[in-house]
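Coordinate-derived values only; no laboratory data. Small disclaimer: the values here were computed from a predicted structure and weren't measured. Cβ placement follows ideal geometry from the backbone for every residue including glycine, while neighbour counts extend to all protein chains displayed.
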Amino acid sequence: MKIAVSGGTGFIGGRLIRHLKNRNHEVLLISRHPREEKDGVKTVTWDQMQQSPSLLEGVDAIVNLAGESINQRWNEEAKKRILDSRLTATRRIAELVDRLKRKPAVVVNGSGMSIYGTSETGDFDERSPKHLTDFLAEVVEQWEEAADEIRGTRVVKLRISMVLDNKEGALPPMMLPYKMGGGGRIASGRQWFSWIHIEDMVRAIVFCLENESVTGPVNASAPYPVRNDDFGRALGKALHRPHWFPVPEFLLRALFGEMSVLMVQGQRVRPKALLDHRFFFQYDTIEKALTDLLKKD
């Protein structure tokens, strides 16, 4: 297949492109800036496509993972960047697909599990209603509304959970307190932690590309979410470090402001769509995932 990827220089996108190339797919990187061809991956800019949509003619699939990182203090300027980056990229994809004579067979558009809101007792899958409890939930709502404007092709809205990798993403900073001997639960420790191993994340994207029956919202999360305290205990065990030093909620709010909601609240998300379509998770439990990732550390 010939697959165009936006957000391909990011954490997930970079791993996806390497995986696609290893499977002998032709990959076209969509970027804001021109880049030299590297490892057989050609680059086309948004501006170039705006002027000549034909640059995407013949593409079988588009994966849109573009968006400003949420790992920053959420002041008003940051919130605007986070929202605008997602809406702009998705609306551009919708416009480009509309202008193509031969539409791609599928567009996999990034989204987030925040659409379900936060809860210590709820259990959420793709059938669950949206619950706008915070800034990120509102972002995802608008993000998916923009994806709904992509017409004439199959569209998958990939609701991404916390992606675990030993080099990038959220896991390395989570490991640091344990490596220093001061790891422990965050706030109450009862908040749910929905996660997915980076390899299963990439495989899930490819699965959505290749399976014509997969459409609409898809939760990219492992089948067994865990509470924060249980995650911390598993991480401490994998690192051979104690799990004993709790981090109070007020300290996180002081350090990270509104972004602390990512650490002190959560939701239990189930990947019903992937399981119904018989996707196989190589790392279905947190113990398997951490054992694999930390042996590579």
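The string of couplings for the stretch 229-241 from the Karplus curve (6.51, -1.76, 1.60, θ = phi - 60°) is 5, 5, 4, x, 5, 5, 5, x, 5, 5, 8, 6, 10 Hz, one whole number per residue in order, with x for Gly and Pro.
Got a sec? How would Trp74, Trp192 order by Cβ neighbour count within 10 Å, fewest to most? Intermediate results must be reported in sequence, preceding the final value.
Numbers: Trp74 19, Trp192 23.
Result, fewest neighbours first: Trp74, Trp192.
Net charge of the neighbourhood of Gly189, taken over other residues with C-beta under 10 Å away and scored Lys/Arg +1, Asp/Glu -1, is +2. The HN-Hα couplings worked out from phi for the stretch 211-227 by the Karplus form 6.51 cos²θ - 1.76 cosθ + 1.60 (θ = phi - 60°) are 10, 5, 7, 8, 8, x, x, 9, 7, 8, 8, 5, x, 10, x, 9, 6 Hz, whole numbers, x standing for Gly and Pro.
In the stretch 117-266, taking the dipole from charged Cβ atoms about the Cα centre, the farthest positive-side position among Ala234, Thr118, Ile150 is held by Ala234. Centre-to-centre, using Cα atoms only, the stretch 1-57 and the stretch 218-269 are separated by 34 Å.
Taking K and R as +1 and D and E as -1, what net charge do the other residues with C-beta under 14 Å from the C-beta of Gly40 add up to? Mind dumping the intermediate values first?
Working: positive: Lys2, Arg18, Lys21, Arg23, Arg35, Lys38, Lys42; negative: Glu26, Glu36, Glu37, Asp39.
So the environment of Gly40 carries a net charge of +3.
Rounded, prolate or oblate: which fits the stretch 196-297 when a ≥ b ≥ c are the square roots of the eigenvalues of the alpha-carbon gyration tensor, with rounded for a/c under 1.5 and prolate only if a/b beats b/c?
On the way: a/c = 2.69, a/b = 1.58, b/c = 1.70.
In terms of gyration-tensor shape, oblate.
Here the Karplus relation 6.51 cos²θ - 1.76 cosθ + 1.60, evaluated at θ = phi - 60°, turns the backbone of the stretch 17-28 into coupling constants of 4, 4, 5, 4, 5, 5, 9, 6, 7, 8, 10, 10 Hz, with x for every Gly and Pro.
Based on DSSP, what percent of beta bridges with both residues in the chain are antiparallel, to the nearest 5?
Values: 3 of 38 bridges.
If we restrict to bridges inside the chain, about 10 percent are antiparallel.
Using C-alpha pairs under 8 Å with a sequence gap of at least 6, the mean separation divided by the residue count of the stretch 2-295 gives a relative contact order of 18 percent. Taking amide H as placed 1.01 Å from N in the peptide plane, Leu29 has its amide H under 5 Å from the amide H of Val5, Lys42, Thr43, Val44, each at least 5 places away in sequence or on another chain.
Return the subset of Lys167/Lys295; Lys42/Lys103; Lys2/Lys38; Lys38/Lys157 for which the Cα-Cα distance in this structure is over 24 Å, preserving the input order.
On the way: Lys167/Lys295 12 Å; Lys42/Lys103 20 Å; Lys2/Lys38 16 Å; Lys38/Lys157 29 Å.
Exceeds cut-off: Lys38/Lys157.
Between Arg270 and Phe124, Asp125, the built amide H atoms are under 5 Å apart, and every one of these is 5 or more places off in sequence or on another chain. Estimated purely from DSSP H runs of n ≥ 4, each contributing -39500 (n - 2.57), the mean residue ellipticity at 222 nm for the chain is -11500 deg cm²/dmol once divided by its residues. Rg and Dmax over the alpha-carbon atoms of the stretch 86-127 stand at 15.4, 48 Å.
Just subtract the alpha-carbon distance of Lys101 and Leu251 from 0.36 nm times their residue separation and send over the number in nm, one decimal. Before the final figure, lay out each step's value.
Values: separation 150, 0.36 × 150 = 54.00 nm, distance 5.46 nm.
Difference between extended and current length: 48.5 nm.
Within the chain, the proportion of C-alpha pairs whose separation exceeds 27 Å stands at 41%. Projecting the Cα atoms of Pro129, Asn166, Trp74 onto the dipole axis of the stretch 71-169, where Lys and Arg carry +1 and Asp and Glu carry -1 at the beta carbon, places Asn166 farthest toward the positive end.
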